[in-house]
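Written below as structure tokens is the structure these notes are about.
The values are calculated or read from the model by the stated rules, or taken from the named source; none is laboratory data. Values in this document were obtained by computation on a predicted structure and should not be read as measured data. Heads up, the Cβs are rebuilt from the backbone with ideal geometry, glycines too, and the neighbour counts pull from every protein chain shown.
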Amino acid sequence: MSRRIIGIDPGLTRCGVGIIDVAPGRKLSFVHVSVIQTHADQELDQRLRVIGDGIEALLNTYQPDALSLERVFAEQRNLNTVMGVAQISGIALREAALRDIPTQLHTPSEVKAAVTGYGRAEKAQVGEMVRKLLGLKAAPKPADAADALALAICAAWHNTVPSVKVTNRMHGSARAEKVAAPTRAQEAWLAAERAAKTRGRRLG
């Protein structure tokens, strides 16, 4: 059974939203991508309302099964940008919670590793891999759109990253049964996730 994942690249000026379907066997299908925009000359409450209304409408229309949202460390961007990202993230998290939609938070390096196999990939590389993975004619533009789809793909890989499961415990013995091997991008994602967790513990 396929699952629908919405990725949101939060931002006060441009908020990217990408939606994909994930079928068994890690098959990805493009559903929707858009960028909700506001202008710096608008009052803050109006900007938040515009983006909040846009997110709400997309959640109601496409009814995703999961939300993937960017996690940003404070030192990665300037304070004004961090504040805007945090405000939009709060709106997205609230809208998801109201609908009982589970949420995943991913760092930029995790997302890049998930789609390109390299946690420090350039935005152009991310866009091109998103295009290939989803079978699009061109890379989504602007970058916020590609990043939102990449977030959704990252969540898809996260939920399908294979592991080794232990079976046949009869007579006190155990046999390790391997499930499908991870792709190079998924292996890189796992490494990025471990690094992010270590970094988070240091910051905490």
Test: Thr103 is more than 20 Å from Thr38 (Cβ to Cβ), modelled with pLDDT of 95 or more and under 12 Å from the mean Cα position of the chain (by Cα): yes
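Could you list, in sequence order, the residues of segment 131-144 that are within 13 Å of Phe30 (Cβ to Cβ) and loosely packed, with under 15 Cβ neighbours inside 10 Å?
Result: Lys132, Gly135, Lys137, Ala138.
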Filter result (of a type in the set (Lys, Arg) and crowded, with 18+ Cβ neighbours inside 10 Å) within segment 27-43: none
Scope segment 1-38; condition part of a strand (DSSP E or B) and either touching a Cys at 6+ places or on another chain (Cβ under 8 Å) or without any contact (Cβ under 8 Å) to a residue 40 or more places away in the chain (or both); matching residues: Gly7, Ile8, Asp9, Asp21, Ala23, Lys27, Val31, His32, Val35, Ile36, Gln37
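For segment 44-130, which fully contained helices (runs of 4 or more DSSP H) count at least 2 residues that are at negative phi and surrounded by fewer than 19 Cβ atoms within 10 Å (Cβ to Cβ)?
44-62, 79-98
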Per-region count, segment 57-82, residues of a type outside the set (D, E, K, R) and at pLDDT below 90: 9
